Amino acid sequence: MERKEWPLWEVFVRSRNGLDHKHCGSVHAPDAKLALQVARDVYTRRQEGVSIWVVQADHIVASDPDAKPELFDPAEDKIYRHPTFYQLPDEVNHM
Amino acid sequence: MTTPNPAPLAAHLEYVTRLGDNALILGQRMSEWCGHAPVLEEDMALGNMSLDLIGQARMLLTHAGKLEGQGRDEDQLAFLRTEMNYRNLTLCELPNADFGRTMVRNFLFASFQVLLWERLLASHDSELAAIAAKSIKEARYHAQHAGDWVVRLGDGTAESHERTQAALDYLWPYTAEFFVVTPSDEAAAAAGIGPAWSELEAAWEAAVVPVLNEATLTVPARTPFKSWGKFGRHSEHLGHLLSEMQYMQRTYPGAQW
Amino acid sequence: MYTQALDIPQQGADKGPKAVENPAYQAEFDAKIDAGGYIEAKDWMPEAYRKTLVRQISQHAHSEIVGMLPEGNWITRAPTLKRKAILLAKVQDEGGHGLYLYAAAETLGVSRDELLDALHTGKAKYSSIFNYPTLTWADIGVIGWLVDGAAIMNQIPLCKCSYGPYARAMVRICKEESFHQRQGYDLLLTMMKGTDEQREMVQDAVNRWWWPSIMMFGPHDKDSVHSGQSARWGIKRISNDDLRQKFVDATVKQAEVLGVTMPDPALQWNAERGHYDYGAIDWDEFWNVVNGHGQGNVDRLAARVKAWEDGAWVRDAALEHERKRAAREDQAA
Ligand SMILES: [Fe+2]
Ligand SMILES: [Fe+2]
């Protein structure tokens, strides 16, 4: 056996129906089944969840923090995408 | 050896006490793991299972106290009976030994509990039916968690296989006690309180044997071995468990905590 | 505090990636810290910051799991089923805290196994409060009240610390902690309403735990080696002495309500300072326990090592089963 440590899994919990799954931490587990079970035992002891996703941490593809400017800054000046950009008369402003 | 004939409790009370003591004694055993599990994740899992069992014990012993009608509450029943008045299956009181034995025991017991709770959903004792409705979810999770572990450990390495087989060989004879016919069981069944445990044998084997096979374990043959915990005649282990568990209540009689 | 031993040098347990020092990155990092922003796992950070965090977070994690032992000592002897369930849930929570914190440390490029190895080989420290023995049931109440109370005081500011994963772990921990202190105090209130013998037990426990609790906040500010840099980095937001004073001030009133006295004749209100004065702390005792000579040091560590070693075959078996299962699946495909 090469690797002695159990792989790391990232845990995402939906706190109630209608909400997104949200990252809440991680666990170590040898397989997906146990990862789900211990995620339940670790992260939902106080009724924090109704659904759990686990993803093996090395399977997550993350954006490069160094690429932050080219990835996220270009959205900065597209202010016309936001509803507040448009001034409408008060009577219809709830639109 | 013949079936011991203990002080008679009303069949109904006896039935509920057995359920309560199973949960109490196994919950106590499981709580010994807290802080000592193979990984932190299992510390959490074992803790949850122990809490489930202690919760079941509280409801069941409270109910037993009411049935008994002598004003005893969950704690008086849990901490102030003498050894022979505990009615748990001997299997529940056996020491944890290693993680393998703990998981095999949990699997054998939780699989039995699942069957019991399923039937108790329809108990004529509405209190018991309500307890079953809550507890069955817990037992299903315990059986799943422990069953998965039995497969991992049975199939895993040569060492784990050997340890798990040894655990099964040690524990299996105690499971015969689950199904021993008792007069109070028959009476409780006749009154619609719950199934006679002896009725559950085939269903239990059908639930556990495939998992043991998947775990590449050899299911031991039945032997003449008998244990009698549910009749109040226990192994040597229960006395030690009780002397620890009862310590505070025995040392400070009547104190509030 | 739980990371009181930060003030002590430590070796090992850190083979994470080394950051290339880079002035442009450094400026960006400094600006983020100064603006009260968060640093995230993959962001560039100075090597010293990363190392300090690994040390602080892992010491905190070790403290949580070693901290399961003194209270765990009473789970099987809890006097009622309700108290047994509460204590078990509480000790289990501490295990969860350890787990969240190891996970936060792992985002910095170290593995949990490496961190545990540092604990087991004695290279890493944990809070020395957990080297004191739990002798009676009253200790369980006093630990909840004083030890968790002191811990909460330290942990709340850390919810806003500059390292995102650590801050988020602390938010989760603080939410869970709120029941720990209350259950301890509630337990003590019940005992104080009981018999003389019970009240004596509580007072005795307070006598034994008061000074160690005060010491949990670590050396006086003037003797604390790392505090300045950590404050600058936003990973230590309030000084040892300020936290200690806050704790003393909050606790005196609680002791009054409970009906116990602190074992410190110098403890009295100082109107001028607007705080309680307290007596001199026995730092020799503190350093003795930190340096391994407390009553519990050897036993606590041995218990952790035993759990880990006894579990090795289980961890290996689970990996091996998964390897076999995946191989069988591949073959079938
Ligand atoms: Fe904690
Ligand atoms: Fe706590």
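General observations
- Carbon/sulfur fraction of accessible area - chain C, other protein chains in place, 1.4 Å, %: 54 percent
- All alpha carbon pair distances within the range C:162-294 were sorted into 5 Å bins beginning at 0; the resulting P(r) in whole percents reads 2, 8, 14, 18, 18, 18, 13, 6, 2, 1, 0.
- Zone of C:Q295's modelled label, taken as backbone nitrogen in the range C:42-77 under 13 Å from a point 7 Å along Cα→Cβ: C:70
- DSSP-defined beta bridges in the protein assembly as shown - what % are antiparallel, rounded to 5: 95 percent
- Relative compactness, the range B:148-212, computed as alpha-carbon Rg over 2.2 N^0.38 Å: 1.47
- Relative to the globular-protein estimate of 2.2 N^0.38 Å, the Cα radius of gyration of the range A:8-62 stands at 1.05.
- Applying 1/(1 + (r/R0)^6) with R0 = 30 Å to the Cβ-Cβ distance of B:T251 and C:D310 gives a FRET efficiency near 0.45.
- When the convex hull of its Cα atoms is viewed from all sides, the range A:53-95 shows a mean projected area of 5.8 nm².
- Heavy-atom accessible area, 1.4 Å probe, ligands and nucleic acids excluded: residues of the range C:319-333 down by at least 20 Å² from chain alone: C:L319, C:E320, C:H321, C:E322, C:K324
- FRET efficiency, 1/(1 + (r/R0)^6) with R0 45 Å, evaluated for C:H220 and B:K134 via beta carbons: 0.30
- Counted charge near C:K42, where neighbours are those whose Cβ lies closer than 11 Å (Asp, Glu -1; Lys, Arg +1): -3
- The Cβ shell under 13 Å around C:W210 holds other residues with a net charge of -3, Lys and Arg each +1, Asp and Glu each -1.
- Of the Cα atoms belonging to the range C:260-305, the radius of gyration and Dmax stand at 16.5, 50 Å.
- Contact order relative to length of chain C, as percent, for alpha carbon pairs under 8 angstrom and 6 or more apart: 20 percent
- Mean residue ellipticity (222 nm) of the protein assembly as shown, computed from DSSP H runs ≥ 4 via -39,500 (n - 2.57), nearest 500: -18000 deg cm²/dmol
- Heavy-atom accessible surface of chain B: percent carbon and sulfur, 1.4 Å: 56 percent
- If you wrap the Cα atoms of chain C in a convex hull and average its projected area over all directions, you get 20.9 nm².
- Plainly put, chain B has a radius of gyration that is 0.95 times its Kirkwood radius, both from alpha-carbon atoms, as the Rg/Rh ratio.
- Rg/Rh, computed from the Cα trace of chain A with Rh as the Kirkwood radius, has the value 1.21.
- When you filter the trypsin sites (Lys or Arg not before Pro) in the range C:87-175 for DSSP loop state and at most 16 other Cβ atoms inside 10 Å of their Cβ, you are left with C:K123, C:K160.
- Across the options B:A132, B:V39, C:A35, the greatest Cα extent toward the positive end of the charge dipole of the protein assembly as shown (unit charges at beta carbon of Lys, Arg, Asp, Glu) belongs to B:A132.
- Over all pairs of different C-alpha atoms in the range C:217-333, the reciprocal of the mean inverse distance, the Kirkwood hydrodynamic radius, equals 19.5 Å.
- Accessible area per residue, Å², chain C with all protein chains present, probe 1.4 Å: 39 Å²
- In the elastic network of chain A, a GNM with C-alpha springs shorter than 10 Å, the most mobile of A:R46, A:R81, A:R14 is A:R81.
- The protein assembly as shown - charge dipole about Cα centre, Lys and Arg +1 at Cβ, Asp and Glu -1, debye rounded to 20: 820 debye
- Residue-by-residue Karplus 3J(HN,Hα) for the range C:289-305, coefficients 6.51, -1.76, 1.60, Hz, glycine and proline x: 5, 4, 8, x, 9, x, 4, x, 3, 5, 5, 4, 5, 4, 5, 5, 5
- For the chain pair C and B, buried accessible area totals roughly 4000 Å², probe 1.4 Å, rounded to the nearest 100.
- With Cα atoms, 0 to 90° folded angle of helix B:236-245 axis to chain B main axis: 60 degrees
- Alpha-carbon centroids, the range B:241-257 and the range C:191-214: separation in whole Å: 19 Å
- Basic side chains Lys and Arg get +1 at the Cβ, acidic Asp and Glu get -1 at the Cβ, and with that the dipole of chain B about its Cα centre reaches some 460 debye.
- Seen from C:V171, the other residues with C-beta closer than 12 Å to its C-beta sum to a net charge of +2, counting Lys and Arg as +1 and Asp and Glu as -1.
- Sequence-distant residues sharing a close amide H with C:H275 (under 5 Å, placed H): C:N270
The values are calculated or read from the model by the stated rules, or taken from the named source; none is laboratory data. Worth saying up front: this structure is predicted, and the values here are computed from it rather than measured. So basically every Cβ, Gly included, is an ideal-geometry build from the backbone, and we count neighbours across all protein chains shown. The area values use the complete protein model at the heavy-atom level, side chains included, leaving out ligands, DNA and RNA. Shrake-Rupley method; radii C 1.70, N 1.55, O 1.52, S 1.80 Å.
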